[in-house]
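The values are calculated or read from the model by the stated rules, or taken from the named source; none is laboratory data. Nothing here was measured: the structure is a model prediction, and the numbers come from that model. Because the Cβ atoms are built from the backbone with ideal geometry, glycine has one as well, and the counts that use them run over all protein chains shown.
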Amino acid sequence: MINRKLILVTVILSVVFVAVFLLSSRVPQRGAQSKRIQIVTSFYPLSHIVKGIGGNLVDVRNLVPAGVEPHDFEPSSRDLVEIGNADAILYNGGVFESWVNKWEKGNSPRPKQKINMTESLISNETMLITRDGVVDPHFWLDPIIMKKETEIVRDMFIKIDPLHRDLFTDNANRYIGTLSLLDERFRVGLSSCDLSEVVVLHEAYNYLARQYNFTATSISGISPDEEPSMKELARIISLVRAKGIQHIFAETVASPKFSELVAREVGATVLVLNPIESLTPDEVQSGQDYISIMENNLNNLRIAMQCN
Ligand SMILES: [Zn+2]
């Protein structure tokens, strides 16, 4: 009787032991997964670079959901916790993310690293200043500056995980190569055009225009919700007439109403020039990315500027 009880207890203990062993053998797997580098980005172009360089070694969480305009986005308290738990937060800086100032002054948990792209670029790059006297934050639309952003992200990864230096370097070089090809296509595509001026929705295209020698007059301000005055609209309409501009640019996320209003007034056609601040759900669905959208921007610029 005692022997039977002993056997039963032994069997139960063995089962328990095996179960515990099986459960505990799963722990390293979970551990390995959580060892992926955790990065939070403030908007799409940064998450695009981070995924491209980090590949399978990184989990990227982009704060602004698809189809949401990032200029006036506010993170939730859950977002703030995720930022605090991450290996790094990357944001554009300047006046782009209105929440960052508050976050920097506040005392919510900090990640190990923080990259403010504007501050990282400012020592090596001539930044543009807006009408309001602040740094124009829309530099990701210049493929040459995107290359520098790629190098900054590569160096961040090497600092977090030096063992994978070669992988991060290879991935960064590949992406920089793609950006060089994009730059070349813009240079050639916009080299011989009848017009050198375009009318855009918000003041997002000054770096792009500087790089490829054209002028972008914006209907709205530095953020799409800075609406134009009647006087400003009248000025733009007379400029469009004087220069023979036949296409007015709208965007994918912000309301096209002012672009449509100007176009209607002068009998022009509305085209899209995408500031790539956020992808729409359709763009995500159809696998569009920074490069393919920039190529589409180039095609539409060539139409509007009547290029050969
Ligand atoms: Zn903008």
Item to complete: Could you grab the pairs with beta carbons closer than 7 Å, sequence gap of 6+ or different chains, first residue in the stretch 274-286 and under 22 Å from Asp225 (Cα atoms) and within 14 Å of the ligand (Cβ to nearest atom), second one part of a loop (DSSP other than H, G, I, E, B) and aliphatic (A, V, I, L, M)?
Response: Pro275/Ala204; Glu277/Val253; Ser278/Val64; Ser278/Ala66; Ser278/Val68; Ser278/Val253
Worksheet entry | Which listed residue is touching a Pro at 6+ places or on another chain (Cβ under 8 Å), at pLDDT 95 or above and not charged (D, E, K, R), from Leu195, Leu208, Leu201 | Leu201
Worksheet item: If a residue has to be touching a strand residue (DSSP E or B) at 6+ places or on another chain (Cβ under 9 Å) and surrounded by fewer than 20 Cβ atoms within 10 Å (Cβ to Cβ) to count, how many in the stretch 236-251 make the cut?
Response: 3
Worksheet item: Looking only at the stretch 200-234, which residues are closer than 14 Å to Phe139 by Cα, away from the ligand (no atom under 15 Å from the Cβ) and of a type in the set (Ser, Thr, Tyr)?
Response: Tyr212
Discussion item. Tell me whether the stretch 54-65 contains one or more residues that are over 20 Å from Ser120 (Cα atoms), part of a loop (DSSP other than H, G, I, E, B) and within 15 Å of the ligand (Cβ to nearest atom).
Written reply: yes
Practice prompt. Please indicate, with yes or no, whether at least one residue in the stretch 225-239 is farther than 30 Å from Gln113 by Cβ, in contact (Cβ under 8 Å) with a residue 60 or more places away in the chain and not in a helix (DSSP H, G or I).
Written response: yes
Worksheet item: How about the stretch 118-144: which of its residues are within 16 Å of the ligand (Cβ to nearest atom) and surrounded by fewer than 22 Cβ atoms within 10 Å (Cβ to Cβ)?
Response: Thr118, Met127, Leu128, Ile129, Thr130, Arg131, Asp132, Val134, Val135
Worksheet item: Within the bounds of the stretch 265-276, is there any residue that is under 21 Å from the mean Cα position of the chain (by Cα), outside any loop (DSSP other than H, G, I, E, B) and outside the structural domain of Thr130 (by TED's automatic domain parsing)?
Response: yes
